[in-house]
Amino acid sequence: MDTVFGMARWAIAQPRQGWMGVSALAIVLVFLAIVSAGLFLFLRGALVPFRDLPGPAPDHWFYGSFKTLMASPSGAMVDKWTKQYGTTFRWTSIFRRPEIISLDPAVASYVWSHPDTFDRAQSSLTQFKELIGPSVLSSAGDEHKRMRRALLPAFSVAQMRNNLPIFWKKAYQFKDKLAQQIGEHGKDINPVKLLDQLTIDIIGRAGFNHEFNSLGDGQDELLKAFQRRQVANTVSGMVRMLQFTGVPVGRLFPNKTQRESQEAKRLSYKLSKEIYDRSVQAVAGDTDAKISKGDIVESDLISVLIKSNMASDVRSEQKMSAEEIIGNMFAFILAGNVTTSRTLVWALHVLSTRQDVQDNLRTELSRVPLDELELDELNELPYLEAFVRELLRLYTLVPMNVRQATKATTISLSRPIKGRSGKTIDTLRINKGTTVLLPLLNINTSTEFFGQDADTFRPERFLDRSKEGQSWSSVPGIYGNITTFTNGSHACLGYRFAMIEIKVVIFVLLRGFTINAVPGQSDVVRQGAIGISVPVVKGAKVPGLSFNIRPNVK
């Protein structure tokens, strides 16, 4: 270091002789910056309080192990590291950031039950804010609590029961369009586009009483504007990695794509505001003088939010602004469209490769004398319930949950770890700013919790009541002792909506069609280590999966 500072003093002391003197100073300053950055990157890993945790050595001086994780199939690299280092370990992310990955249920429980200590990563909040504006997905702290509290009535059981007819109507519309495409003899088809159209139409109608008509002509201006926003914000490579760390690439380096994104954002907001204004007028003309928040049930979610703002037992500081309600409309589209449609693709994959499961499920559904069921009747179909629970467990769509410590804390481990020093670590010390990654897929497929057949699709595991008290009971989750929807104040608000939607679509599909695997497409891998996990045929370069679908013989 003395040598480095000596060089700087020498360069500064040199007489300025045109550009040569300036260049000497610039070279030394650049050299100093590189050395300082190198020291910072090296020391940041050596000074963290969890430095004794075992873990993989970084693969790259800048990327750490980030590229390795992102390039691996969903859950694969974490599974490898877990076998080597245990259920809690450290790893090195981009910019050589030391972070923690833990499958310990005690860590997940603590993180999810302490939202004031662990919040969404700032990079995630920034990206959501850029894409959809103020919403429950882009807010933190007290602002998030206020918005979530306002949104809860929109996802209540009573509201889901009220929305159920919309689910049935759209599912049968989907069935008719699928039947048109496959003909009377059936054919091989990639159903992703149809499923995307189905889920977005359900969201439009049940979310804000708006017909996207995606299963029809698909010419809705709001839908096209929002899709342009998504496309303009879809990036890859280095830009994606920088965005993951919170670097505002779009604002620092504006380009044509960013300008298109802003234009699409303005247009989609204008069209959404028109829907909002119409809903306000409709609700205002149909509202009693005095209403309470707990009594509100409407035909769509946005009307619930608007009416909640009018409730006499909601204080003014708890109400949501028009901009926030519109932001949450976009959040609903973003969180509920692709996630559900891709889960249904995984369901078709299971049904096409496991004819025994398909036969068992069809047998149960064929005994139902009605084409549409009430919510309680739908939930009382045991094999369908077990199928959906197993689907969400084994094919966890978002394999990783990321949280960031807002202050220093200590977590007791339920599975102690042997440290690098050889000492047993039973307490995890975490400093402010540390990122903790909870691998939802790996927890859901852990043999410790779900037995030696944890990687096998077996709905029967949830039908044996004698096994209810077994090891998965320690797995935290808002639904069914699986981590898919996480838990706590950041748990998925729309989990009931998603589950009902999946059940209704499977009910309609299997009563109308038989699903078979296409030769050469049954062997798939899961692509997506942190984002959405999608099926990719082994050896293929792009996601996509086709199935042979034919009408049932009556």
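The values are calculated or read from the model by the stated rules, or taken from the named source; none is laboratory data. Remember, it's a predicted structure, so these values are computed and weren't measured experimentally. Every residue, glycine as well, gets a Cβ built from its backbone with ideal geometry; the counts of neighbours run over all protein chains shown. Note: accessible area is taken over every heavy atom of the protein model, side chains too, but ligands, DNA and RNA are not part of it. Shrake-Rupley method; radii C 1.70, N 1.55, O 1.52, S 1.80 Å.
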> Okay, which of the range 495-519 sit inside 13 Å, backbone N to the point 7 Å along the Cα-Cβ direction of E380?
Replying inline: none
> What residues qualify as long-range amide H neighbours of I425, i.e. H under 5 Å apart, gap of 5 or more or another chain, H built at 1.01 Å from N?
Replying inline: I417, K418, G419
>> Rounded, prolate or oblate for the range 74-205? Axes are the square roots of the Cα gyration tensor eigenvalues, ordered a ≥ b ≥ c, and the cut-off for rounded is a/c under 1.5.
In response: oblate
> Near K67, which lysines are there with a Cα under 29 Å away, not counting those fewer than 8 places off in the same chain?
Replying inline: K80, K83, K129, K256, K407, K418, K432, K538, K541
>> I want to check the label-to-label distance for K169 and H60. Put each point 7 Å from Cα in the C-beta direction and report it in nm to one decimal.
In response: 5.0
>> If packing is taken as the average number of other Cβ atoms within 10 Å across a peptide's residues, how do 541-553, 262-274 rank, most packed first?
In response: 262-274, 541-553
>> As an exercise, use a Förster radius of 41 Å and the Cβ-Cβ distance of Q122 and A284 to find the FRET efficiency, rounded to the nearest 0.05.
In response: 0.60
>> Applying a 10 Å radius around every beta-carbon, put 385-391, 76-82, 140-146 in order of their mean neighbour count, most first.
In response: 385-391, 76-82, 140-146
> How much length is gained if the chain between N190 and D453 is pulled fully straight, taking 0.36 nm per residue apart and subtracting their Cα-Cα distance, in nm to one decimal?
Replying inline: 91.7 nm
> Any idea of S113's accessible area? Nearest 10 Å², probe 1.4 Å.
Replying inline: 70
> In what sequence, highest mean first, do 511-521, 490-500 appear when ranked by Cβ atoms within 10 angstrom?
Replying inline: 490-500, 511-521
>> Which lysines, if any, have their Cα less than 21 Å from the Cα of K169, not counting same-chain residues under 8 positions apart?
In response: K177, K193, K503
>> Distance between the C-alpha centers of the range 381-440 and the range 59-127? Whole Å please.
In response: 9
>> Once R0 is set to 25 Å, what does the formula 1/(1 + (r/R0)^6) return for the Cβ-Cβ distance between D52 and K83, expressed as a FRET efficiency to the nearest 0.05?
In response: 0.80
> Distance in nm between label sites at D142 and D356, each 7 Å beyond Cα in the beta-carbon direction?
Replying inline: 5.7
>> Quick check: from the Cα gyration tensor, does the range 57-134 come out rounded (a/c under 1.5), prolate or oblate?
In response: oblate
